[in-house]
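Report on the following structure.
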Amino acid sequence: MARTRFLTPELITRKALEVGDRGGAESMTMRRIAAELGCDPMALYRHFANRDALLDAVADLTVAEVRDPDPGLPWDERVTATADALREAALSHPGATAHLAARPPMGEHGRRIAGSVLAALQEGGLPPATAVRCFQTLVAYLASSLAMAVRAGERDRRWEQVRDMVNELPAAAAVGEELFTVGSAEQFRFGLRLLMAGIREEAAAHPPGRPSGTTGA
């Protein structure tokens, strides 16, 4: 255990991410991470108050891979590109995906991404309060999509049952095959396209000079 004195939050966080990449979320116990570092588990608590605090740091390290989009892109394309990149980064680290879905990161990199998205939304014409609400909605959509992606799979028996049920509905007869696989990239991007269309509509309802509490209705 002599290596304990060399521990840093950064080293612990990176090791925890590595453990999760290899073994998934279930492997990311304080005991397992400490064993990988060659220290007593209690040594980790000198740097992190509890396991959630460590996983928060892991989540923020995961989204560090998300780069700011090309500033020359239109504002809505920058928002879409960031959402796509966040999903890709989260799913590339299976140990962190579920935690990211449950607790969006608020560390250095999470704040950077949030600031970038909020700036893009305001560039699109949204007043600050509305931009914050749209940002919150985007986060909620991404979180729920990640939660579904954790359980995503092939078109299995459950998918077939839902397809058959949809085919029996008078308004949707014979279109059950069009159902997305739950948690798939196709489902995420279709939903994101709809969400962004709504955000663009909201931006159009707030032309310059109109008080933020009014709408176009």
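Going by amide H atoms built from the backbone, whose H comes under 5 Å of the H on Gly24, apart from near neighbours?
Here the answer is Gly95, since their amide H atoms fall under 5 Å of that of Gly24.
Using only helices, what value at 222 nm comes out for the chain when you add -39,500 (n - 2.57) per DSSP H run of length 4 or more and divide by the total residues, to the nearest 500 deg cm²/dmol?
After summing the helix terms and dividing by the residues of the chain, the value is -20000 deg cm²/dmol.
List, largest first, the extents of the alpha carbons of region 1-127 along their principal axes, each in whole Å.
Principal-axis extents of region 1-127 (Cα, largest first): 55, 24, 22 Å.
Please give, to one decimal in nm, the separation of the simple spin-label points placed at Arg193 and Val175, each 7 Å out from Cα toward the Cβ.
Output for this residue pair reads 1.4 nm.
Dimensions of region 92-205 along principal axes (Cα, Å, largest first)?
Over region 92-205, Cα extents along the principal axes are 45, 39, 16 Å.
For region 7-37 and region 99-161, what is the centre-to-centre distance using only Cα atoms, to the nearest Å?
Result: 25 Å between the Cα centres.
Suppose we keep just the alpha-carbon trace of the chain; what are its Rg and Dmax in angstrom?
For the chain, the Cα radius of gyration and maximum Cα-Cα distance read 21.0, 70 Å.
Working out 0.36 nm times the residue gap between Ala147 and Tyr45, then minus their Cα-Cα distance, what length gain in nm do you get to one decimal?
Taking 0.36 nm per residue and subtracting the Cα distance, the gain is 33.9 nm.
Quick check for me: using +1 on Lys/Arg Cβ and -1 on Asp/Glu Cβ, what's the dipole size of region 1-127 about its Cα centre, in debye to the nearest 20?
For region 1-127, the charge dipole is close to 680 debye.
Per residue, how big is the convex hull of region 64-138 when only Cα atoms are used? Give it in Å³.
Roughly 83 Å³ of hull volume per residue.
Using the Cα centre of the chain as origin and beta-carbon charges of +1 (Lys, Arg) and -1 (Asp, Glu), tell me which of Ala90, Asn167, Ala204 is placed farthest towards the positive end of the dipole.
Ala90
Working only with C-alpha atoms, what are the Rg and Dmax values of region 13-79, expressed in angstrom?
In order Rg, Dmax, the Cα atoms of region 13-79 give 16.0, 51 Å.
Could you list which residues have their amide H under 5 Å from that of Glu65, counting only those 5 or more apart in sequence or on another chain, with H placed in the peptide plane?
Under 5 Å from the amide H of Glu65 lies no amide H from a residue far enough along the sequence or on another chain.
Counting Lys and Arg as +1 and Asp and Glu as -1, each charge on the Cβ, what is the dipole of the chain about the Cα centre in debye, to the nearest 20?
That gives a dipole near 760 debye.
Taken together, the values in this text are just the output of simple stated rules run on the coordinates, not laboratory data. Computed from a predicted structure; not experimentally measured. Note that each Cβ is placed from the backbone with ideal geometry, even for glycine, and that neighbours are counted across all protein chains shown.
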